[in-house]
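K.L.:
Following this message is one structure expressed as structure tokens.
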Amino acid sequence: MARLRVVNLGLPKSGTTTLGVALRASGLTVADWKIRRHQSTDPAVARHFVGDLMYRGYFETGDPLHLLGEFDAMTEINVVGGDLNRWPQTDWGLLSAIIDHHPDVKFILSHREPEAHADSMIRWTNLGRKRLRIFDVPGLPGKYGSAPADIVRWIDGHTRFCRRIFAGDPRFLEYDILDPEAPTKIGAFLGLPIQWWGTVNENPETGAEIVTDAVTKPETTPTEDPAS
């Protein structure tokens, strides 16, 4: 039986952390944004960012998941800040290499209504106010990103990109984070009952970013990095 591997293509503030918690509660080993010290004993992996590890694997071996063999699911794969600007979910060369090396991989696109999504990015730490403006993010280059409408167009463009390249592909599922049927759809797609669904990483300015019905709550509430 093929190993279940899951890659989320969602942008920041699209429920990526909630998805990670849900998959972890359902039995998968999850890498979300950054590999924590307790998640790997490999110094080449621990405390490194998922998106950077993907590009290292891609250019060093051809396999973007080469350095992520300890993990079943990768739920936020981008990183922007410091000297890193990595957006694997926008790179068809890298995504097609994952398919070539892992033909049974499942791709998920977590998304939300673009205006609400952009507003959440703008209000989340300095992501929308600064980082998306000073880095040449794929699809949002140079001066673009300073206006909310720029971020809305970028978000919508990414959703269209994913829908186009995975059109008709049974390895692809997209879901709206406000859809109350989201955990059921994800579970059916992965062949894995989702044991928890709720709210994680809420925006401190306005409260919860995700509104769903909770299923079985994990025994402990994880502490997540603020940029997830």
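K.L.:
Please work out the Cα center distance from the stretch 1-78 to the stretch 83-120, rounded to the nearest Å.
P.N.:
So the separation of the two Cα centres works out to 12 Å.
K.L.:
Sticking with this structure for a sec: Provide the packing ranking of 167-179, 3-15, 21-33, 128-140, i.e. peptides ordered by the mean count of other C-beta atoms within 10 Å per residue, highest first.
P.N.:
3-15, 21-33, 128-140, 167-179
K.L.:
Right, another one. Can you tell me the relative contact order of the chain? Whole percent, Cα pairs under 8 Å, sequence separation 6 or more.
P.N.:
24 percent.
K.L.:
Only bridges whose two residues both fall in the chain count here: according to DSSP, what percent of them are antiparallel, nearest 5?
P.N.:
35 percent
K.L.:
Suppose R0 equals 22 Å; then what is the FRET efficiency for Glu115 and Arg36 from their Cβ-Cβ distance, rounded to the nearest 0.05?
P.N.:
Working from the Cβ atoms, E equals 0.10.
K.L.:
Using the heavy atoms of the protein chains and a 1.4 angstrom probe, tell me the accessible area per residue for the chain in square angstrom.
P.N.:
On a per-residue basis, 46 Å².
K.L.:
Work out, step by step, the length gained on full extension between Ile122 and Asp169: first 0.36 nm times the residue separation, then minus their alpha carbon distance; give nm to one decimal.
P.N.:
Full extension of this stretch gives 13.7 nm more.
K.L.:
Right, here's the next one. Would you work out the relative contact order for the stretch 24-134, in percent, from Cα pairs under 8 angstrom that are 6 or more residues apart?
P.N.:
Computed value for the stretch 24-134: 21 percent relative contact order.
K.L.:
Report the extension gain between Ser146 and Leu84 in nm, rounded to one decimal, defined as 0.36 nm multiplied by the number of residues separating them, less their alpha carbon distance.
P.N.:
Taking 0.36 nm per residue and subtracting the Cα distance, the gain is 20.3 nm.
K.L.:
Can you order the peptides 35-43, 185-193 by their average number of other Cβ atoms within 10 Å per residue, highest first?
P.N.:
185-193, 35-43
K.L.:
Further, regarding this structure: Using a probe of 1.4 angstrom, how much of the accessible area of the chain is carbon and sulfur, in percent?
P.N.:
Answer for the chain: carbon and sulfur cover 53 percent of the accessible area.
K.L.:
Quick check on my link table: of Lys34/Lys185; Lys13/Lys130; Lys13/Lys34, which ones sit more than 19 Å apart, alpha carbon to alpha carbon?
P.N.:
Checking Cα-Cα distances, Lys34/Lys185 exceed 19 Å.
K.L.:
Here's another thing I want to ask about it. Say R0 is 45 Å: what FRET efficiency, to the nearest 0.05, do Phe135 and Asp179 get from their beta-carbon distance?
P.N.:
0.90
K.L.:
While we're on this one: At 0.36 nm per residue, minus the direct Cα-Cα distance, what do Thr29 and Asp156 gain on full extension? Give it in nm, one decimal, please. Mind showing how you got there, number by number?
P.N.:
On the way: separation 127, 0.36 × 127 = 45.72 nm, distance 2.99 nm.
Contour length minus Cα-Cα distance gives 42.7 nm.
K.L.:
To the nearest 500 deg cm²/dmol, what mean residue ellipticity at 222 nm is calculated for the chain from DSSP H runs of n ≥ 4 alone, each contributing -39,500 (n - 2.57), summed and divided by the residues?
P.N.:
Only helices count here, giving -9500 deg cm²/dmol.
K.L.:
Let me ask something else. Quick one: grab the alpha carbon gyration tensor of the chain, order the square roots of its eigenvalues as a ≥ b ≥ c, and give me rounded if a/c is under 1.5, else prolate or oblate depending on whether a/b is larger than b/c. Intermediate values should be presented prior to the final figure.
P.N.:
Working: a/c = 1.29, a/b = 1.08, b/c = 1.19.
Since a/c stays below 1.5, the shape of the chain is classed as rounded.
The values are calculated or read from the model by the stated rules, or taken from the named source; none is laboratory data. Owing to the predicted nature of the structure, the values given are computational and were not obtained by experimental measurement. Here the Cβ is made from the backbone with ideal geometry for all residues, glycine too, and neighbour counts use every protein chain on show. All accessible areas refer to the heavy atoms of the entire protein, side chains included, with ligands and DNA or RNA removed. Shrake-Rupley method; radii C 1.70, N 1.55, O 1.52, S 1.80 Å.
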